[in-house]
1. Kindly provide the set of residues from region 205-224 that are more than 20 Å from the chain's Cα centre (by Cα) and open to solvent by less than 70 Å² (accessible area, probe 1.4 Å), ordered by number.
2. If you go through region 88-105 one residue at a time, do you hit one that is modelled with pLDDT of 95 or more, open to solvent by 50 Å² or more (accessible area, probe 1.4 Å) and within 15 Å of ligand 2 (Cβ to nearest atom)?
3. Looking at region 170-199, which of its residues are small (G, A, S) and either within 12 Å of ligand 1 (Cβ to nearest atom) or out of contact with any strand residue (DSSP E or B) (no Cβ under 7 Å at 6 or more places or on another chain) (or both)?
4. Identify, by number, the condition in (1) crowded, with 19+ Cβ neighbours inside 10 Å; (2) within 16 Å of ligand 1 (Cβ to nearest atom) that G144 doesn't meet.
5. What number of residues in region 193-204 are open to solvent by 10 Å² or more (accessible area, probe 1.4 Å) and touching a residue at least 60 places away in the same chain (Cβ under 8 Å)?
6. I'm checking my understanding of the structure. Among residues of region 157-177 that are among the hydrophobic types (A, V, I, L, M, F, W, C) and open to solvent by less than 10 Å² (accessible area, probe 1.4 Å), which one is nearest to L24 (Cα to Cα)?
7. If I4 satisfies all but one of (1) under 12 Å from the mean Cα position of the chain (by Cα); (2) in a helix (DSSP H, G or I), what's the number of the condition it fails?
8. Go through (1) in contact with a strand residue (DSSP E or B) (Cβ under 7 Å, 6 or more places away or on another chain); (2) open to solvent by 10 Å² or more (accessible area, probe 1.4 Å); (3) under 29 Å from S105 (Cα atoms); (4) of a type in the set (A, V, I, L, M) and name the single condition M151 misses.
Amino acid sequence: MSLICPSILSADFSKLGEEVEDVLKGGADWIHYDVMDGRFVPNISIGIPVLKSLSKAVKAFYDVHLMIEEPHRYVNDFAKAGADLISFHVEAEADCSGTIDLIHSHGIKAGIVIKPDTPAKEVFPYLNKVDMVLVMTVEPGFGGQSFKQEMCSKICDIREEAIRIGRDDLLIEVDGGIASDTVGYTSAAGANVFVAGSSIFGEKDRAAAITGIRDAADAPLMHQC
Ligand code: DX5
Ligand code: ZN
């Protein structure tokens, strides 16, 4: 099972609702919503009020990726604004376990995110608690960057550890530079949730772009593990 999640960071924000409708019509499974604070990452994107309006106007599964310092401070607000899953960075939070519990207390899914330079073992203590691990395949902060193929061994390590502890159901999401020519490396390594910004919103025919990524994900390129 592959889930395809267009990242609205690359959408036309002047018509965000229509853009989201378009990718849903084109077969998107989830909508990936990137939140940046200008501190954890050197960029600022969108926040709580936009999610509130969007989730009210367009029904979808909202996969919220927090790229902010001390994310626990905003979990309640994003949950109330319509998040279906909240992921936060292991590098940005002192109490990861407490933050996972806080997210779950809203009856939604919790994810933990790991930057390219952070070793896989940093998320191992939380694998028994989270619904998903998001492995960044670029440095967080901007859309349109090149895919880091070397992240695939990290995906393998996390998938292997998840299986070892009996968490075969753990979702592993990848984010950054995902397109039809890169996604197959990540699915071979064990990822099953695929975020794509520019390779979907940058295309006129979003349905074709989504199908292309899904087909490529289901045809792993090489076995990495
Ligand atoms: C980057 C964001 C991504 C971004 C991906 O920090 O987390 O979700 O939108 O963009 P692409 O798919 O263009 O690399
Ligand atoms: Zn993201």
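1. A208, A219, Q224
2. yes
3. G176, G177, A179, S180, G184, S187, A188, A189, A196, G197, S198, S199
4. The number of the failed condition is (1).
5. Number satisfying all stated conditions: 4.
6. Filtering region 157-177 for residues that are among the hydrophobic types (A, V, I, L, M, F, W, C) and open to solvent by less than 10 Å² (accessible area, probe 1.4 Å), the one nearest to L24 (Cα to Cα) comes out as V174.
7. Exception for I4: condition (2).
8. Condition not satisfied by M151: (3).
The values are calculated or read from the model by the stated rules, or taken from the named source; none is laboratory data. Computed from a predicted structure; not experimentally measured. Positions of Cβ are backbone-derived with ideal geometry, glycine not excepted, and every protein chain shown enters the neighbour counts. Note: accessible area is taken over every heavy atom of the protein model, side chains too, but ligands, DNA and RNA are not part of it. Shrake-Rupley method; radii C 1.70, N 1.55, O 1.52, S 1.80 Å.
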